[in-house]
Amino acid sequence: MASSVVVVGCGAIGATAAALLVRAGVGRLRVVDRDFVEPSNLQRQMLFDESDAREAVPKAVAAERKLRALNSGISTEGVIADLYPGNAAQLLSSFDLILDGTDNFETRLLINDFAVSAAKPWIYAAAVASYGLTMTIRPGSTACLACLLESESGKGLEETCDTVGVLGPIVNLIASLEVAEALKLLSGREAALHDRLVSCDVWSGRFQSIRVGRDPDCRACVHQDFSYLQGEAQPQVTLCGRDSVQIHERARALNLAVLRSRLSGTVGDLRSNDFLLRFRVAPYEMTVFADGRAVFKGTTDPAVARSLYARYIGS
Ligand SMILES: [Zn+2]
């Protein structure tokens, strides 16, 4: 009850990790996610159901609702946001532990930079296809993610769930391993932490656990070079998924009701809820969030996304 955790990304791993933590009675939990629930998520994302997908509820909102119903005795908060260098400290700093529920290495390296710079523990977790891995990172004591990924032998998961898919059982297994380490850390049983990179493949049955040494020349935990946190690696437009582009217009908030009335009649399939607005301009589907972010489905070309943004949302 005295501990606090922030889960970054509430897809499959994040959703299961958050549910396990809430059921365990972690006193304060924040879930940060930038997306909304889609029907294809339901095969593995255990906190969401068909009505969340039908109504395109943001995952942070749906998660908060479900988590509160699981345990009303703790403080649970869902935040609709895309973690980036400018909001990392504000979203992460007041928690004892950060859990990885993200789906990309750019955000993980940003979390790693923040955690190492703030000497805060975090737990890396990833899964794709039938394979997944997890490692607890305690800055100064263990290897960090940059030690693992940026050294000569380092190698992450290059495929993504959008290109090859992912099985429900592996994400739930990885989330369980992640939370087991979290519970040791939060309850002060640090001696019980195994400090190993654990990887499993539920298809082949291969399970592996290796000790990862610190890289004596590590950019982050040795040289204190936090390039991801300083924002050099964060572009304004990012690819997300197989056929989508995201535009980050962070400087401004949008009035979704005004936008909706302006767009009605000129775009197809216009739908909205309190948090987002979605519409179709064939062959594209656009989803606009109140913080000015927009996701364009149907293209991987940033120029097309920028042009659509300017035309329909405003430049
Ligand atoms: Zn390192």
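In the condition set (1) under 24 Å from Val6 (Cβ atoms); (2) within 16 Å of the ligand (Cβ to nearest atom); (3) at pLDDT below 95, Lys155 is compliant with all but (1).
Of the numbered criteria (1) at pLDDT 95 or above; (2) surrounded by 15 or more Cβ atoms within 10 Å (Cβ to Cβ), the one Leu83 fails is (1). Once the range 128-141 is narrowed to residues that are open to solvent by less than 20 Å² (accessible area, probe 1.4 Å) and closer than 17 Å to Ile210 by Cα, the residue that is nearest to the ligand (Cβ to nearest atom) is Ile137. Scanning the range 87-127 for residues that are open to solvent by less than 30 Å² (accessible area, probe 1.4 Å) and among the polar types (S, T, N, Q) yields a count of 4. Which residue is surrounded by the fewest Cβ atoms within 10 Å (Cβ to Cβ), if the candidates are limited to the range 1-56 and must be without any contact (Cβ under 8 Å) to a residue 24 or more places away in the chain and touching an Asp or Glu at 6+ places or on another chain (Cβ under 9 Å)? Looking at the filtered set, the residue picked out is Pro39.
The values are calculated or read from the model by the stated rules, or taken from the named source; none is laboratory data. These figures come from a predicted structure and were not determined experimentally. Positions of Cβ are backbone-derived with ideal geometry, glycine not excepted, and every protein chain shown enters the neighbour counts. Just the protein is used for accessible areas: all its heavy atoms, side chains included, with ligands, DNA and RNA removed. Shrake-Rupley method; radii C 1.70, N 1.55, O 1.52, S 1.80 Å.
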